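Before any comments, here is the structure.
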Amino acid sequence: MIQIKHKYDCCGCSACMQICPKKCISLKEDKEGFLYPSINSSDCIDCHLCERICPIMNVGSPQKDVSVFAVTNSDEEIRMQSSSGGVFTLLAQKVINEGGVVFGAKFNDKWEVVHGYSETIEGLSQFRGSKYVQSELGNCFVDAKFFLNRGRKVLFSGTPCQIAGLHNYLRKHYDNLLTVDFVCHGVPSPGIWRKYLYEVFHHSTYKKNTASASSLNSMPVITGIEFRDKTLNGWKKFSFVVRGKSALKTDKNSVLLSDMHKDNLYMKGFLRNIYLRPSCYHCAFKSFRSQSDITLADFWGVEKFYPEMNDDKGVSLAFTCNRSLKEFLLSVCAKEIPLKYAANQNPSIFRSVRMRRNRDLFFSDLKKGKDLLESIEKRARWDRRETFRLTLIKLLEKVHLLNLIKKIIR
Ligand SMILES: Cc1cc2nc3c(=O)[nH]c(=O)nc-3n(C[C@H](O)[C@H](O)[C@H](O)COP(=O)(O)OP(=O)(O)OC[C@H]3O[C@@H](n4cnc5c(N)ncnc54)[C@H](O)[C@@H]3O)c2cc1C
Ligand code: SF4
Ligand code: SF4
Ligand code: SF4
């Protein structure tokens, strides 16, 4: 039976829960707002299946000979709705047109992020766009297996740890499965996301940090959330936008909140790593270890390599070892680039983000009952001493001095 000694030893992929033959594993939210398995040991038959398929206990090897392409979707509308170049939709449409099923992350009616599936082209819109919250998978691995065993094509998209969890759960290769993940910075806490929405939209004390805040009444109705809106300030300076209606803004698609990502409190806390899942600071799936067929990312720095593609509407990077996917990408005019160049612009390909002491301070603020928005504001500030410490560690690591010092201390 699975036992989690340290929080960072569980990425919350739910593979153990979905495989347990006795259904004795359920997922429970911890104080930080992340889901972890909880086992009813009296029903456990010690079959060890959960341990055998856990992607953190059975980490894959890094993929070698990965080719990298710069790609955009030629449908401008779809590209504008997507986080980078809209490659996910290109692949998903192909699978649906071949009679397949597509799994991805979407919002539910409470604006929580959950996984689901679609069998139609129209249904793909709910999956488009990055949602910076850990998604709840429910029974999606079970559902995907159901379709695969019936010979349907399945595209499953998710974080690298979710894709590794799916592969381990399936325990065999399916020719009709296409897995799509992305270069992953880390996932924020669903509990913090829930609190943030409550504080901003349902709590009358919210007054600062958005130009449009004064127009919010206590109970607006949200109709859309985009973490990466490109329509207002472009792809590079993307905005966090919430649409809906309120007492003052009666059109159901009015902009209730619109902040540049660097000014929005929730995005600041995410990008400064104060409420990511513990496993994200020690991610076991870097260097393409998820065994995903294709990995997507933003092509930051495109202007230096392919200036002609730099229209600020979004360009994707696609990493793959799969020959038929390479042929498909070339057929949609993708351009190859060296892995070294892509990696220089996107450190999350190979490295986890560092845990700062501000993360502990943030969660201890909440434990003491302090205000969420004020705590994010305070703890997301760069702490000069901490930044100096981390830069020094990075430098020492580069010249291999840190390991030497550690050995001497020991
Ligand atoms: C939490 C998170 C962290 C990321 N970190 C980086 C990074 O450090 N560097 C980088 O270059 N790119 C990162 N990305 C990926 C990037 O933002 C785009 O998703 C990627 O470039 C593909 O974009 P697209 O235009 O092809 O498609 P989009 O239409 O943007 O594709 C969205 C796809 O992502 C999936 N998805 C969205 N939110 C989630 C979620 N919460 N959990 C699981 N799957 C989700 C959807 O199912 C869909 O398949 C991250 C994405 C997420 C969700
Ligand atoms: S050992 Fe088997 S029965 Fe027990 S929790 Fe794990 S999967 Fe379930
Ligand atoms: S990583 Fe996944 S399989 Fe392993 S314990 Fe956590 S939820 Fe279960
Ligand atoms: S950083 Fe790693 S552990 Fe965290 S969500 Fe991404 S793939 Fe999973």
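Tell me which residues, restricted to the range 135-167, are within 14 Å of ligand 4 (Cβ to nearest atom) and over 13 Å from the mean Cα position of the chain (by Cα).
ALA164, GLY165, LEU166, HIS167
Every residue, every condition in (1) within 16 Å of ligand 1 (Cβ to nearest atom); (2) of a type in the set (Lys, Arg), yes or no:
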residue: ALA15; (1), (2): yes, no
residue: ILE19; (1), (2): no, no
residue: PHE34; (1), (2): yes, no
residue: CYS44; (1), (2): no, no
residue: VAL59; (1), (2): no, no
residue: LYS64; (1), (2): no, yes
residue: VAL68; (1), (2): yes, no
residue: SER82; (1), (2): yes, no
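When you look at GLU327, is it over 26 Å from PRO278 (Cα atoms) and without any contact (Cβ under 8 Å) to a residue 40 or more places away in the chain, yes or no?
Numbers: over 26 Å from PRO278 (Cα atoms): yes; without any contact (Cβ under 8 Å) to a residue 40 or more places away in the chain: yes.
Considered against the rule, which asks whether it is over 26 Å from PRO278 (Cα atoms) and without any contact (Cβ under 8 Å) to a residue 40 or more places away in the chain, GLU327 comes out as yes.
Only residues that are surrounded by fewer than 22 Cβ atoms within 10 Å (Cβ to Cβ) and either within 18 Å of the chain's Cα centre (by Cα) or touching a residue at least 12 places away in the same chain (Cβ under 8 Å) (or both): list them for the range 287-318, please.
Kept after step one, since they are surrounded by fewer than 22 Cβ atoms within 10 Å (Cβ to Cβ), are these residues of the range 287-318: 287, 289, 291, 293, 300-301, 303-313.
Matches in the range 287-318: SER287, ARG289, GLN291, ASP293, TRP300, GLY301, PHE305, TYR306, MET309, ASP312, LYS313.
Select from the range 203-232 the residues that are in a loop (DSSP other than H, G, I, E, B) and within 22 Å of the chain's Cα centre (by Cα) and write down the one among them that is modelled with the highest pLDDT.
Result: LYS230.
Restricting to the range 148-182, name every residue that is free of Cβ contacts under 8 Å to residues at least 60 places away in the same chain, part of a strand (DSSP E or B) and within 10 Å of ligand 1 (Cβ to nearest atom).
Listed by number, the list holds a single entry, PHE156.
When only residues in the range 104-134 that are charged (D, E, K, R), farther than 21 Å from TYR174 by Cα and touching a strand residue (DSSP E or B) at 6+ places or on another chain (Cβ under 9 Å) count, which is farthest from ligand 4 (Cβ to nearest atom)?
Checked the range 104-134; the qualifying residue farthest from ligand 4 (Cβ to nearest atom) is ARG128.
Tell me, which residue of the range 1-58 that is of a type in the set (Ser, Thr, Tyr) and within 12 Å of ligand 2 (Cβ to nearest atom) is farthest from the chain's Cα centre (by Cα)?
SER42
Could you grab me the full set of residues in the range 377-396 that are under 23 Å from the mean Cα position of the chain (by Cα) and assigned to a helix (DSSP H, G or I)?
Those that are under 23 Å from the mean Cα position of the chain (by Cα) and assigned to a helix (DSSP H, G or I): GLU377, ARG379.
Would you mind listing the helices (runs of 4 or more DSSP H) fully within the range 264-376 where at least 3 residues are modelled with pLDDT of 95 or more?
Because the criterion is at least 3 residues that are modelled with pLDDT of 95 or more, the helices (runs of 4 or more DSSP H) in the range 264-376 that meet it are 265-271, 323-331, 357-367.
VAL114 - would you say it is farther than 18 Å from LEU178 by Cβ and without any contact (Cβ under 8 Å) to a residue 40 or more places away in the chain?
On the way: farther than 18 Å from LEU178 by Cβ: yes; without any contact (Cβ under 8 Å) to a residue 40 or more places away in the chain: yes.
Taking the combined requirement at face value, the residue satisfies it.
Enumerate the helices (runs of 4 or more DSSP H) found wholly within the range 1-101, keeping only those where 2 or more residues are within 16 Å of ligand 4 (Cβ to nearest atom). Spell out how you get there, then give the answer.
On the way: elements: 15-19, 49-53, 76-81, 87-97.
Qualifying helices (runs of 4 or more DSSP H): 15-19.
Does ALA342 fit the bill of being buried (at least 16 other Cβ atoms within 10 Å of the Cβ), assigned by TED's automatic domain parsing to the domain that holds LEU91 and among the small types (Gly, Ala, Ser)?
Yes.
The values are calculated or read from the model by the stated rules, or taken from the named source; none is laboratory data. Not measured: the values here are computed from a predicted model. Because the Cβ atoms are built from the backbone with ideal geometry, glycine has one as well, and the counts that use them run over all protein chains shown.
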